[in-house]
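This report concerns only the one structure given below.
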Amino acid sequence: MKELHVTDESGRIDKVISEIDQSISRSRAKKLTDEGNVTVNGEVVKPKYKVSSGDTIVIQNEEPREIDLTPEEMSLDIVYEDDDVIVVNKPSGMVVHPAAGHESHTLVNGLLAHSPLSTINGEFRPGIVHRIDKDTSGLLMVAKNDNAHTELSKQLKEKKNLRKYVALVYGVIDEDSGSINAPIGRSKTDRKKQAIVSDGRDAITHFSVIKRFENFTLVECRLETGRTHQIRVHFKYIGHSLVGDPLYGPKKVYGNNGQFLHAQELGFEHPKTGELMIFSSPLPEYFKNQLAKLAPTEI
């Protein structure tokens, strides 16, 4: 038996299963569902069933996994750790958890060599309460046991967490602050992308301008929701794509570090004590070096 917990994923059950657990192909997930081996919140479902955040998926009679999730000794920038949680500063370029094409050398591989992790999120995302993209740097909270994972996930769902990012975007934003409220879902034309779609999930990003440059703006973003690629999609939507973004930015990619996006501040209530904990992380050197090269704009 395999138990999976839905956080940010949405759509048909077979698609979501293959997204959460990369060892199960979509066709295999559909077959298991057709055979009655998949339940959602205790009820048998059909392949066309659409999951919601918070759903619990249970799979019976699943074949052995194809990816061997092996602990790997690696240098980790651990900002905080106790018996329940780890706060880690992920570098740009590191994948958070194993997936197709990234079966090893992920943050999860390194964390497994460092500490026991929660098992609540399936075999390939142990401990991972929330994710950031491969080329996004910054802070992640990781659960070391299932009780901590359940509590931290609840805080995410109830929007109690603090998640602030710093991003460099194309163009000069005139407003000092604002909010982007536009639903996000899978792109209808490119399955690798997310997009603003009418039937997408609610997505809200608040931003404020930190500094304006001649052709760029440095912004602080606070997430009210946590959709896949949310900041990247929202700023493309308002005409200010993230600098260096290979997926949502201009065809000619700026730099070689991916999008200039850093998860700078993370806050949550400790899952055991209830204490409010807030952590911050300085901008990576490549990000600071790039800012130093830009000419400020006098507004």
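The values are calculated or read from the model by the stated rules, or taken from the named source; none is laboratory data. Fair warning: this is a prediction, and the values are worked out from it, not measured in the lab. Neighbour counts run over all protein chains shown; Cβ positions are idealised from the backbone, glycine included.
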Check: Is there a residue being touching a Cys at 6+ places or on another chain (Cβ under 7 Å) and either surrounded by fewer than 15 Cβ atoms within 10 Å (Cβ to Cβ) or over 19 Å from Val88 (Cα atoms) (or both) anywhere in region 165-187?
Finding: yes
Item checked: The lone exception for Arg232 - which of (1) touching a Leu at 6+ places or on another chain (Cβ under 6 Å); (2) surrounded by 18 or more Cβ atoms within 10 Å (Cβ to Cβ); (3) under 30 Å from Asn145 (Cβ atoms) it fails -> (3)
Next item on the list: For region 256-279, name all the residues that are at pLDDT below 95 and more than 17 Å from Cys221 (Cβ to Cβ).
Entry: Asn256, Asn257
Next item on the list: Can you tell me which residue within region 82-114, out of those that are among the hydroxyl-bearing types (Ser, Thr, Tyr) and crowded, with 17+ Cβ neighbours inside 10 Å, is modelled with the lowest pLDDT?
Entry: Thr106
Check: If you scan region 184-240, which residues turn out to be under 28 Å from Met141 (Cα atoms) and of a type in the set (Gly, Ala, Ser)?
Finding: Gly185, Ala195, Gly200, Ala203, Ser208, Gly226
Check: What number of residues in region 269-297 are touching a Leu at 6+ places or on another chain (Cβ under 9 Å) and either more than 28 Å from Ala148 (Cβ to Cβ) or among the β-branched types (Val, Ile, Thr) (or both)?
Finding: 6
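Give region 191-238 a look and list any residue that's polar (S, T, N, Q) and more than 17 Å from the chain's Cα centre (by Cα), or say none. Talk me through it step by step, then tell me what you get.
To start, the set of residues in region 191-238 that are polar (S, T, N, Q) comprises 194, 198, 205, 208, 215, 217, 225, 228, 230.
Hits for region 191-238 are Ser198, Ser208, Asn215, Thr217.
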Next item on the list: Among the residues of region 152-164, write down those that are surrounded by fewer than 22 Cβ atoms within 10 Å (Cβ to Cβ) and either at pLDDT below 95 or among the aliphatic types (A, V, I, L, M) (or both).
Entry: Ser153, Lys154, Gln155, Leu156, Lys157, Glu158, Lys159, Lys160, Asn161, Leu162
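Looking at region 212-243, which of its residues are of a type in the set (Ser, Thr, Tyr) and modelled with pLDDT of 95 or more?
Residues of region 212-243 of a type in the set (Ser, Thr, Tyr): 217, 225, 228, 237, 241.
Those that are of a type in the set (Ser, Thr, Tyr) and modelled with pLDDT of 95 or more: Thr217, Tyr237, Ser241.
Any chance region 204-211 includes a residue that's assigned by TED's automatic domain parsing to the domain that holds Lys252 and either at pLDDT below 95 or touching a helix residue (DSSP H, G or I) at 6+ places or on another chain (Cβ under 7 Å) (or both)?
Within region 204-211, one or more residues are assigned by TED's automatic domain parsing to the domain that holds Lys252 and either at pLDDT below 95 or touching a helix residue (DSSP H, G or I) at 6+ places or on another chain (Cβ under 7 Å) (or both).
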Margin query: Of everything in region 1-21, what is at pLDDT 90 or above and outside any helix (DSSP H, G or I)? Give them in sequence order.
Written below: Arg12
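I'm checking my understanding of the structure. Among residues of region 157-171 that are outside any strand (DSSP E or B) and in contact (Cβ under 8 Å) with a residue 24 or more places away in the chain, which one is farthest from the chain's Cα centre (by Cα)? Can you show your working first?
Of all residues in region 157-171, those outside any strand (DSSP E or B) come to 157-161, 171.
Filter once more, so that each one left must be in contact (Cβ under 8 Å) with a residue 24 or more places away in the chain: 157, 159-161, 171.
On the way: Lys157: 14, Lys159: 15, Lys160: 17, Asn161: 14, Gly171: 25 Å.
Within region 157-171, the match that is farthest from the chain's Cα centre (by Cα) is Gly171.
Within region 201-215, restricting attention to residues that are in contact (Cβ under 8 Å) with a residue 24 or more places away in the chain and not in a strand (DSSP E or B), which residue is surrounded by the fewest Cβ atoms within 10 Å (Cβ to Cβ)? Break it down into steps so the answer makes sense when it comes.
Taking region 201-215 and keeping what is in contact (Cβ under 8 Å) with a residue 24 or more places away in the chain, we get 201, 203-215.
Filter again for not in a strand (DSSP E or B), leaving 203, 214-215.
Numbers: Ala203: 25, Glu214: 10, Asn215: 12.
This residue is Glu214.
Quickly run through region 178-190 and pick out the residues that are more than 17 Å from the chain's Cα centre (by Cα) and modelled with pLDDT under 90. Break it down into steps so the answer makes sense when it comes.
Start the filter on region 178-190 by keeping residues that are more than 17 Å from the chain's Cα centre (by Cα), which leaves 178-182, 187-190.
Listed by number, the residues that qualify are Ser187, Lys188, Thr189, Asp190.
From the list Leu218, Leu247, Leu266, pick out the single residue that is farther than 30 Å from Glu81 by Cβ, in contact (Cβ under 8 Å) with a residue 24 or more places away in the chain and not in a loop (DSSP other than H, G, I, E, B). Lay out the reasoning, then the answer.
Details: Leu247 fails: not in a loop (DSSP other than H, G, I, E, B); Leu266 fails: farther than 30 Å from Glu81 by Cβ.
Testing whether each residue is farther than 30 Å from Glu81 by Cβ, in contact (Cβ under 8 Å) with a residue 24 or more places away in the chain and not in a loop (DSSP other than H, G, I, E, B) leaves just Leu218.
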